[in-house]
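My questions all concern the structure below.
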Amino acid sequence: MRTTGSYVISTTLGESVRAFVPNTLPPSSPVLDAASYMDLNRTAEISLARLEGVAGLVPSIDWLLYSAIRKEALLTSQIEGTQATLVDLFDKEAGLAVSNTDDVEEVTNYLRAFRWTQDTLRDPKGLPMSVRLLRQAHRLLMDGARGAGRQPGELRKSQNWIGGTRPGNAVFVPPPPDHVPALLADLERFIHQADTPDTLPPLVRIGLVHVQFETIHPFLDGNGRIGRLLIAALMEQWGLLSQPLVYVSGYLKQHQSEYYQRLSAVRTNGDWEGWIAFFLEGVARATDTAERGIVALASLINTDRRRLLQAPKITPASIRLFELLPLMPIFSIDQVCERLNTTFPTATAAVKTLETLGIVAEQTGQKKNRHYSYQAYVELLSN
């Protein structure tokens, strides 16, 4: 059986516990069995390549990114227990009051952290993938009421643990805090190591990086979300996708128990092969889900656009508004005025046209401060 780390004694809350310190990547003694991942890796890579082609069915990549990034933000947060829904997020962006403010804030914080990470990595003058970058992403993620006392952007200075009611009965105890900087430095070196004939495929390396980060657990909170953000960021940085159209967190949430079991099996049994097989299967399944979603989205929008263009009384403003709906599926007349840079009467008439055709519907029942929803689109994304 492969050994993936060693244990050291750490003291926290007056208890002495065995904390796990992982070995550096890649796996060794023995090395990762190529036969265990070659076919799965090929299937996942082909799925990702096919997705790039299918994305062309939709006229604007921004439409796809709007929904994909929000679904990833929502699902990765739900894995950690957040109860927000996609409708909550759309309502918040439309200026409507939401009851679960803290939950929605956690999702919007992830959106901010992800966008910042993506923009920074794309900027030739920005930070590379590094501990410094992840600390800043963590600072954005933990901004607000819930994260204020969790040392946003700072590597932990105390021993943490996962599961259980106290350190002594924890499911897993990560490395002591004084080991964290060196372990992260080793992980950063692995991410940036030069390609050689022996270099593992990018998706396999991403799977290894995710587990190693979760095992180090460098922050007091938010480690799962930052670790899954790493997956999306590296998939783009290493050329597997030109845009973050795949939300792997959906698969991980659907198979959450196995997800945690596979992470644990790496640490306890050295089962890297089992984790990599699970991860590659997840990437392929998530990509297939994204592909079906794109096809359904293209069908919906094309059908509704045809209905609009065949209507007897349409205006340029109603056409322009329709093209904005995938970027603001819940909206007010004031938002239409702002986005179209037009007058209130013109915006009202444009909304009325879409409402008459059944493309959008008013959802408040009020005479003032009315909000409208592209309901078919919202329901499609919520499934």
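Just to be sure, is ARG70 more than 30 Å from ALA170 (Cβ to Cβ), of a type outside the set (Asp, Glu), loosely packed, with under 15 Cβ neighbours inside 10 Å and assigned by TED's automatic domain parsing to the domain that holds LEU245? It would help to see each step written out before you state the result.
Values: more than 30 Å from ALA170 (Cβ to Cβ): yes; of a type outside the set (Asp, Glu): yes; loosely packed, with under 15 Cβ neighbours inside 10 Å: no; assigned by TED's automatic domain parsing to the domain that holds LEU245: yes.
No.
Within the group GLY270, GLY227, GLY222, GLY282, which residue is assigned by TED's automatic domain parsing to the domain that holds GLN118, of a type outside the set (A, V, I, L, M, F, W, C) and under 19 Å from THR43 (Cα atoms)? Spell out the reasoning first.
On the way: GLY270 fails: under 19 Å from THR43 (Cα atoms); GLY227 fails: under 19 Å from THR43 (Cα atoms); GLY222 fails: under 19 Å from THR43 (Cα atoms).
Selected residue: GLY282, the only one of GLY270, GLY227, GLY222, GLY282 that is assigned by TED's automatic domain parsing to the domain that holds GLN118, of a type outside the set (A, V, I, L, M, F, W, C) and under 19 Å from THR43 (Cα atoms).
Now for a different question. Touching a Leu at 6+ places or on another chain (Cβ under 8 Å), surrounded by fewer than 21 Cβ atoms within 10 Å (Cβ to Cβ) and either modelled with pLDDT under 95 or not in a helix (DSSP H, G or I) (or both): does that describe LEU64? Let's see the steps before the verdict.
Details: touching a Leu at 6+ places or on another chain (Cβ under 8 Å): yes; surrounded by fewer than 21 Cβ atoms within 10 Å (Cβ to Cβ): no; either modelled with pLDDT under 95 or not in a helix (DSSP H, G or I) (or both): yes.
So LEU64 does not fit the description; no.
Taking the residues in segment 80-134 that are touching a strand residue (DSSP E or B) at 6+ places or on another chain (Cβ under 9 Å) and of a type in the set (A, V, I, L, M, F, W, C) as candidates, determine which candidate is surrounded by the most Cβ atoms within 10 Å (Cβ to Cβ).
Among those residues, the one meeting the criterion is PHE90.
Conditions: (1) under 14 Å from the mean Cα position of the chain (by Cα); (2) modelled with pLDDT under 95; (3) over 27 Å from PRO124 (Cβ atoms); (4) surrounded by fewer than 21 Cβ atoms within 10 Å (Cβ to Cβ). TYR247 meets all but one. Number of the miss?
If we test TYR247 against (1) under 14 Å from the mean Cα position of the chain (by Cα); (2) modelled with pLDDT under 95; (3) over 27 Å from PRO124 (Cβ atoms); (4) surrounded by fewer than 21 Cβ atoms within 10 Å (Cβ to Cβ), just (4) comes out false.
Can you name the number of the only condition in (1) assigned to a helix (DSSP H, G or I); (2) over 28 Å from ILE69 (Cα atoms); (3) modelled with pLDDT under 95 that ALA311 fails?
Going through the list (1) assigned to a helix (DSSP H, G or I); (2) over 28 Å from ILE69 (Cα atoms); (3) modelled with pLDDT under 95, ALA311 breaks only (1).
If we keep just the residues of segment 333-369 that are part of a loop (DSSP other than H, G, I, E, B) and surrounded by 15 or more Cβ atoms within 10 Å (Cβ to Cβ), which is modelled with the lowest pLDDT? Full working, then the answer.
Initially, segment 333-369 is screened for residues part of a loop (DSSP other than H, G, I, E, B), giving 341-343, 357-360, 363-369.
Right, trim to surrounded by 15 or more Cβ atoms within 10 Å (Cβ to Cβ) and you get 342, 357, 359-360, 363.
On the way: THR342: 96, LEU357: 96, ILE359: 97, VAL360: 97, GLN363: 91.
Checked segment 333-369; the qualifying residue modelled with the lowest pLDDT is GLN363.
Return the total of residues in segment 1-48 being surrounded by 16 or more Cβ atoms within 10 Å (Cβ to Cβ), of a type in the set (D, E, K, R) and either closer than 28 Å to THR287 by Cβ or in contact with a His (Cβ under 6 Å, 6 or more places away or on another chain) (or both).
1
The values are calculated or read from the model by the stated rules, or taken from the named source; none is laboratory data. What you see is a predicted model, and the numbers here were worked out from it, not measured in a lab. Ideal geometry is used to build each Cβ from the backbone, glycine not excepted, and the neighbour counts take in all protein chains shown.
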